[in-house]
Amino acid sequence: MKQEARRVPVDHCVFIHTNQRQMVGALVAQYALKRNSKHADKFDVRILHTNDFPFLKAFHGKPFKRDGVERIWNYEDLQSFTPLRFMPPSEMGYRGRALVIDPDIFAVGDVWDLLNRDMGDKSIFCRMRSGPKGLIGCYASSVMLLDCAKLTHWRGEADFAELFAFTRDYVPWVCLKLEPKGSIGLLESQWNDFDRLTPDTKMLHNTRRMTQPWKTGLPIDWTPADTFKLFPPIGWAMRWRRRFLGDHALMGRYRRHPDPRQEAFFFGLLRECLDRGIVTEDMLREEMRANHVRHDAFEVIDRTPPLAA
């Protein structure tokens, strides 16, 4: 059954897409957006949770193509929320301005400066990916500013189903390579700062999953890509590992983030969420038991200094 669009009665909305594995991050991200804006009353923030989109679970265990290689869709994977990046235009009724972000992105500056900018004739603003994927023209769809009226061709549920009919490949889709030429404008890197916290950072993205500050010490629970076009033997080895040993075999554990300031920033925000009841102690303990949050989270909060107002 086709899901009804839940339209948002506002002209500006930030959407954070997540699943339960990253729900604590999403709640902290939601709080940071409002905390650090002088115009918090001018925009809404909504969480898009995989549980609210049954079509994602309906395809669990079914094959699809990712960068030309057959994979099995795992609804329980750490990043099973990614297809929800394409839902905001329909959620907004194809009107207004939307910003969609991953649940591991935390506002440092005032997001209203981004939401309210002139987009000209562009339908999307985002930055390029870093590393090899950026070199082959992959956009970072983890943060996208969207003119919803210009994205009526985004039909999230139907587009997702095309993956399993093998008429759409996951990587060109999330890299925005299917978008009309000239429709994408480049976003300044500080609005999607990849594991870099500087005086210019507007939104910090803890994009290196291996070092996300709230995951330190937990067993790896995400499935890495198993194609590497710049050196194919790496992809061959990853596919062999996944096929014969399992999705997470030999992956080890999450490591501590190399920048202590980024750990302190996240846990400073989490402390404030606890103080305000946005995240409760019971919830945090349950997420720790589920291996979604590091087991020493309360100890880290206790030793983290309060954030500047």
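Before we move on, is residue 143 among the β-branched types (Val, Ile, Thr) and farther than 21 Å from residue 207 by Cα?
no
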Would you mention how many residues in the stretch 81-104 are assigned to a helix (DSSP H, G or I) and either open to solvent by 10 Å² or more (accessible area, probe 1.4 Å) or of a type outside the set (Phe, Trp, Tyr) (or both)?
8
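Taking residue 238, is it at pLDDT below 95, aliphatic (A, V, I, L, M), outside any loop (DSSP other than H, G, I, E, B) and more than 23 Å from residue 108 (Cβ to Cβ)?
In short, yes.
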Among the residues of the stretch 50-65, is any in contact with a Cys (Cβ under 8 Å, 6 or more places away or on another chain) and either open to solvent by 10 Å² or more (accessible area, probe 1.4 Å) or at pLDDT below 95 (or both)?
no
Residue set 193, 221, 159; condition within 19 Å of the chain's Cα centre (by Cα), closer than 30 Å to residue 296 by Cβ, at pLDDT 95 or above and open to solvent by less than 20 Å² (accessible area, probe 1.4 Å); output residue 193
Within the group 150, 122, which residue is without any contact (Cβ under 8 Å) to a residue 60 or more places away in the chain and open to solvent by 20 Å² or more (accessible area, probe 1.4 Å)?
150
For residue 131: the one exception among (1) buried (at least 16 other Cβ atoms within 10 Å of the Cβ); (2) at pLDDT below 95:
(1)
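Name the single residue that is farthest from residue 121 (Cα to Cα) among those in the stretch 164-180 being among the β-branched types (Val, Ile, Thr) and surrounded by 13 or more Cβ atoms within 10 Å (Cβ to Cβ).
So the first thing to find is which residues in the stretch 164-180 are among the β-branched types (Val, Ile, Thr), and the list is 167, 171, 174.
So of that shortlist, the ones also surrounded by 13 or more Cβ atoms within 10 Å (Cβ to Cβ) come out as 171, 174.
Numbers: 171: 25, 174: 21 Å.
Result: 171.
Let's see how each residue does on (1) at pLDDT 95 or above; (2) over 22 Å from residue 278 (Cβ atoms); (3) assigned to a loop (DSSP other than H, G, I, E, B); (4) touching a His at 6+ places or on another chain (Cβ under 6 Å):
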site	(1), (2), (3), (4)
30	yes, no, no, no
34	yes, no, no, no
37	yes, no, yes, no
79	no, yes, yes, no
106	yes, no, no, no
109	yes, no, yes, no
Check the stretch 17-30 and report whether any residue there is in contact (Cβ under 8 Å) with a residue 24 or more places away in the chain and more than 22 Å from residue 291 (Cα to Cα).
no
Pick from the stretch 254-309 the residues that are in contact with a Leu (Cβ under 9 Å, 6 or more places away or on another chain), assigned to a loop (DSSP other than H, G, I, E, B) and without any contact (Cβ under 8 Å) to a residue 60 or more places away in the chain: which of them is most open to solvent (accessible area, probe 1.4 Å)?
280
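The values are calculated or read from the model by the stated rules, or taken from the named source; none is laboratory data. Please read these numbers as outputs of a predicted model, since none were measured by experiment. Neighbour counts are summed over all protein chains in view; Cβ atoms, including those assigned to glycine, are modelled from backbone coordinates with ideal geometry. Side chains included, ligands, DNA and RNA excluded: accessible areas come from the protein's heavy atoms. Shrake-Rupley method; radii C 1.70, N 1.55, O 1.52, S 1.80 Å.
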